[in-house]
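A short write-up of the structure that comes next.
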Amino acid sequence: WLVKSAWPGMGLFGESYMLFSVGTLTPLWKELYPDCFDNQEVCKPRLLHSLTYSVVTGVIVGMLALGYAANKIGRRKGSLLTASLMSGGALAMVLVSIIWSSQDSVVFLYRGMAVSLFFFGIGVGGEYPLAASLASERAMEELIEKQNIVGERLKPTSSRLDNSPSTDKAAPLMRQENKCQQRR
């Protein structure tokens, strides 16, 4: 349970927290840095909006670039690369906010956070195609496993040939399956 559900769920929670916290922190930043939000000479509107669109741009770049790269280097290495980019982007965001959180360097704070969120977004975007392919493969494996279990239940238990009369309920189904396989 921990490996299949809780651990991936914590990863999804962590990335969602990072992505959605930017929007909820904006009112707090307006109180902390009023000069930046009230005076367009200090912080241009483009700089303030860069926090939002840098993440979205990073997600798009990550989907395209890391989806392609994972096909070349393998899904495991691709997953490690996406996790590294997300961790590095989150760590960089923390360091940027510690180093440049003073009132004098608010422009550097927003620029640094935009760059950090871009790299975090690349990691998040790369995770989508990798997770989708993994989910598809696991679903197919489970479907094949279920079909094999059902197939084992339907196998005839007697040693009679398929064309002999039988009272076994599975024999007609097996004959039908054999006919379908011969048609292919």
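The values are calculated or read from the model by the stated rules, or taken from the named source; none is laboratory data. This one's a predicted model, so the numbers in the text were calculated from it and none came from an experiment. Cβ sites come from the backbone with ideal geometry, for glycine too, and all protein chains shown count toward neighbours. Surface accessibility is based on the protein's heavy atoms, side chains included, excluding ligands, DNA and RNA. Shrake-Rupley method; radii C 1.70, N 1.55, O 1.52, S 1.80 Å.
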Looking for something among the β-branched types (Val, Ile, Thr) and at pLDDT 90 or above - is there at least one such residue anywhere in region 115-122? yes
Check off (1) under 21 Å from residue 19 (Cβ atoms); (2) surrounded by fewer than 17 Cβ atoms within 10 Å (Cβ to Cβ) for residue 72 and give me the number that stays unchecked. (1)
Just for helices (runs of 4 or more DSSP H) wholly inside region 1-88: which have at least 1 residues that are modelled with pLDDT of 90 or more? 45-73
Only one of 91, 143 is modelled with pLDDT of 75 or more, in a helix (DSSP H, G or I), under 30 Å from residue 33 (Cβ atoms) and open to solvent by 70 Å² or more (accessible area, probe 1.4 Å), namely 91
Per the filter on region 96-117, residues open to solvent by 60 Å² or more (accessible area, probe 1.4 Å) and in contact (Cβ under 8 Å) with a residue 24 or more places away in the chain are 103, 111, 115
Looking across region 13-42 at residues that are closer than 19 Å to residue 118 by Cα and surrounded by 12 or more Cβ atoms within 10 Å (Cβ to Cβ), the single one that is nearest to the chain's Cα centre (by Cα) is 15
